[in-house]
Amino acid sequence: LAITVLVLASSEKTLGVPPSLISKYIPSKSGNWHCLDGSKEIPWDFVNDDACDCPDGSDEPVGTAACSNNTFYCRNEGHIGATVPSSRVNDGLCVEPECCDGSDEHSGICPNMCKVVGDVYRKKRDEERKLRKTGAKIRSTYITFAHKEQKRLEALVQATSQEIVVREKEVARLQEIADRAESLSAAALEHMQKSPLYTSLMTHSLALKSLQREHKKHLEREKALGSILDSLRSGYNPNYQDMAVLEAVRGWEELSGLPHINEGSKGGSEQEESPESQGEASAETTAEEVPDDGMWSAERLENELDSLVSSDYVSLLLEHEEHVKSPGDDSTLLELSSYLPDSLLPYYDDARNAIVSWLQTLGLINGETDSGAADSSRARQAFNDAESTLNRVRDEKEKAQNGLANLFDVTGFGADGEWKKLEGLCLEKNTGDYTYEVCLFDEARQKPNNGGSNFSLGKFSSWNPSSDVRPGDPEYYQKQVYNQGTRCWNGPERSVVLLMTCGLENALLTVAELEKCEYQFTGTSPALCLPLDTEGDGTREEL
């Protein structure tokens, strides 16, 4: 009987104590007990006596109001133990989900619901574990893909590095050839510019430019003189007998094809010439001035002389050289390569080049000007093509290096690279009027189903930006932020927060506009299904 009383007394003292601390709630041989923080020793009878004797409140585990900020542990046998604030103990309410056994209230007040709650919890937990186990297998294939991608990128970096070395040497070689060809072409061009034909062309060009300059001066003088005579013609008084003026007016009218002003009119009743009569007179004058064969008309001089005097005579000289060297229509028989089969062309070219080389050595032909401009152009084009290819290979190497740097970056595709396979994967959700789309790590869009323009809801910005979450933690990859989308009318730029959980499919589940032009998407992905043995899976040991 004494042992039973002692056990009951001990159980009362440890009511509300977590299992991990029960061993500390045992009195010493002297009948005293030490506070858990070691600051004080009190009689065992002071434990759970509704008076706070220890500075840390550990003498009142039952959860009385004597010690502030204390907690009470509910054993919840058949389910999972939990703690509640002391303020909820003995409050007469049976709604605490953490205390399904009702131990936070006096005995007999709240029923023990732990078996029912435990069964529901275990069923849900088993389903989640099954989902997570299957999802983790899919996630492992993503990680395998990332390692294959790593090997591919490493091989690409190595191959492009070797190719760059080879192509840099080739570019340097072709640049030297192009520079040398252009130098030889410049010498050949200088030689051609000393020819009598080119010298004569330049002399004629200067003469034309000089004539054009003087012609323009005469036109300006003629225009000024015509203006003076027109004023004299329209303003002189016919009654004033000045024969010199009258002869000047009549001479101007005849030269310009204008009708005579009525000499006998008085009181201002002059007969003005009509536009039709002026046009007829001008037409008659023009018809009389028919240029000789090959001569330019006044209209052609006005419209085409500028382009003629600004001709590129160097290009004309080169074209002349090509024309002279090209065979005529009656020289086809002399072009032997046109009659040779393809199999004999290499031998023909070798023999031809050898003969040309001998003739150049004997001084019978000048090889310096032979296709100089064409050779220079081909050499420069070969250099430009090689340099363009080199730059392309360099860009390819840089892109591969950046891909490697982000592949296993915790702020990129994850420490295991599990998100790399999903880069650019587009998920859609049809809401009736609109289809919402998010392409992972790229852009989110709103697409109308009944016609109209698409709107950008933002481009990928970052993973979970919360300061309370560390990069690499599971919670870090449960949120993506997309911002700087198309600006709303009289509102902010559109943006999206994508919330994701573990799931067997990469899917978009819901779309909501929480604020104006600020959207929240929810979805699932196997990339979030961590293996069951991973720490932090949220499970707790049942009692």
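The values are calculated or read from the model by the stated rules, or taken from the named source; none is laboratory data. Predicted model only: the values in this text are computed from it and were never measured. Glycine gets a Cβ as well: all are built from the backbone with ideal geometry, and neighbour counts include every protein chain shown. Calculation scope for accessible area: heavy atoms of the full protein, side chains included, ligands and nucleic acids excluded. Shrake-Rupley method; radii C 1.70, N 1.55, O 1.52, S 1.80 Å.
Residues in the stretch 504-535 that are open to solvent by less than 20 Å² (accessible area, probe 1.4 Å), under 18 Å from residue 464 (Cβ atoms) and part of a loop (DSSP other than H, G, I, E, B): 529 only.
Looking across the stretch 431-471, the residues that are farther than 16 Å from residue 509 by Cα, open to solvent by less than 40 Å² (accessible area, probe 1.4 Å), assigned to a strand (DSSP E or B) and hydrophobic (A, V, I, L, M, F, W, C) come down to 457, 463.
In the stretch 461-483, the residues that are farther than 17 Å from residue 418 by Cβ form Cβ pairs under 9 Å with partners that are of a type in the set (A, V, I, L, M) and assigned to a loop (DSSP other than H, G, I, E, B), at six or more places apart or across chains, as follows: 470/410.
Residues checked against (1) modelled with pLDDT under 75; (2) among the charged types (D, E, K, R):
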{"site": "182", "(1), (2)": "yes, yes"}
{"site": "190", "(1), (2)": "yes, yes"}
{"site": "201", "(1), (2)": "no, no"}
{"site": "207", "(1), (2)": "no, no"}
{"site": "232", "(1), (2)": "yes, no"}
{"site": "235", "(1), (2)": "yes, no"}
{"site": "254", "(1), (2)": "no, yes"}
{"site": "260", "(1), (2)": "yes, no"}
{"site": "267", "(1), (2)": "yes, no"}
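Tell me, yes or no, whether the stretch 138-151 has at least one residue that is open to solvent by 60 Å² or more (accessible area, probe 1.4 Å), of a type in the set (D, E, K, R) and in contact (Cβ under 8 Å) with a residue 40 or more places away in the chain. For the stretch 138-151, residues open to solvent by 60 Å² or more (accessible area, probe 1.4 Å), of a type in the set (D, E, K, R) and in contact (Cβ under 8 Å) with a residue 40 or more places away in the chain: absent. Filtered by the rule that a residue be open to solvent by 60 Å² or more (accessible area, probe 1.4 Å) and closer than 17 Å to residue 80 by Cα, the stretch 97-116 gives 97, 98, 111, 112, 113, 115, 116. Of all residues in the stretch 38-94, those being open to solvent by less than 60 Å² (accessible area, probe 1.4 Å), within 60 Å of the chain's Cα centre (by Cα) and small (Gly, Ala, Ser) number 4. Taken over the stretch 405-415, the criterion of being surrounded by 17 or more Cβ atoms within 10 Å (Cβ to Cβ) and touching a residue at least 60 places away in the same chain (Cβ under 8 Å) is satisfied by 407, 408, 413, 414.
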